[in-house]
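Following: one structure in structure tokens, then a few remarks.
No lab work stands behind these numbers, since they all come straight from the coordinates. Quick caveat: nothing in here was measured; it's all calculated off a predicted structure. Cβ placement follows ideal geometry from the backbone for every residue including glycine, while neighbour counts extend to all protein chains displayed.
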Amino acid sequence: MNVPLLDLKMQHQKIKDDIQQSIQKVIDSQHFIMGPEVAEFEAAAAKYVGAKHAIGVASGSDALLLSLMALDIKTGDEVITTTFSFFATAGSIARTGARPVFVDIDPKTFNCDPNRIADALKKSKKAKAIMPVHLYGQCAEMQPILELARKHNCAVVEDAAQAIGSTYKGKKAGTMGALTGFSFFPSKNLGCWGDGGLVTTDDDNLGQMVRKLRVHGSSKKYYHQYVGMNSRLDTLQAAVLKAKLKYLDNWSTGRAERAAYYNKLFKSAGLDSVITTPFVHPDCNHIYHQYTIIVKGKRDGLRDFLKERGIGTEVYYPLPLHLQECFTYMGYKPGDLPVSEKTSLEALSLPIYPELTSQQQDYVVESIKTFIGK
């Protein structure tokens, strides 16, 4: 049996008529840059998230960078963030000239530990922002993070690249920080046909600033108030996203159902001593962008075994950000952030998507049980 990590072809077969109609309209108009579909998608996304402003940009990475630029984060500043995330989280901070200050994670949720953020804020005299990441589709513990931000006069930028539709205490990702960055990379729960991103905010001034910065710092053609960048969401991508958005909640429900079935299978297989299934914080609604297990001691061997059986997996992430070569100048050493370092050696993401069948899931867990019993 073949079980790919993700099967976008199956998703497309169910919605291709909607997508085709949406993109054909753009093709017929030949309006590929900032066409009406961009504003239409932005309005729909703002309503879905519950934010006052939603600004389409070229990628999730740019969404984070533009958010920091709008806050005037610059050389000499520090931004506190997790070390256990995709590179864009820290890369966006470094691109502004600011210094990313890495903190460790909660071993259960994999999100940044608010206690470690508090420790970092006590040591930092230059912190201007906190960037929590809603990893794998589950929101970080935002209440203590927001309280720390107020206490230390820091802005909060949510990295919700993996978490559109997730909630914390009833509030959706994208509505709790000063600004939020989303990604529409094709593998995301809401993915386009290339790169795409979104910035959300309730602040009128910040929203206006992001809109200017995404078109080279201009609100009037050829007149530039700021040094911005070219980071517009393509009209074709906006058309794809607008067509897909109405399916998003059902897809997220489908992912949650499959996560529950995995949990049931692992429990009945008696693998509790070796496999730790995802922990869902009681204040959170998890959208399962990833279903990530912890494999004690045999992660890489298990991954090789599953590959031989036609089962796709991925390691998110094999090396924490504080140990990446490009950040050696910051002076971090192995052992500095032990929870993240340990997690990077044990985390394994399994296939999870709405089209995944129960037979495929049975095969995945049976294969894991076979490996563990060897």
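The separation of segment 130-202 from segment 1-67, counted between C-alpha centres, amounts to 18 Å. The modelled label-to-label distance for the pair Lys123/Ile19, using points 7 Å beyond Cα in the direction of Cβ, is 4.6 nm. Near the amide H of Ser59, within less than 5 Å, lie the amide hydrogens of Gly197, all on another chain or at least 5 residues away, with H placed in the peptide plane. Sequence-distant contacts, meaning Cα pairs under 8 Å at least 6 residues apart, place the relative contact order of the chain at 22 percent. Here the chain carries DSSP beta bridges of which approximately 60% are antiparallel, counting only pairs with both residues inside. Amide hydrogen proximity for His289: with H placed 1.01 Å from N in the peptide plane, the residues at 5 or more positions away or on another chain lying under 5 Å are Gly137. The slack in the chain from Val227 to Met1, taken as 0.36 nm per residue of separation less the alpha-carbon distance, amounts to 76.1 nm. From the coordinates of this entry, Kirkwood radius over Cα pairs in Å is computed, and it appears in [x] 20.2; [y] 22.2; [z] 21.3 under the label [z].
Averaging the Cα positions of each part gives two centres, and for segment 289-313 and segment 84-116 these lie 25 Å apart.
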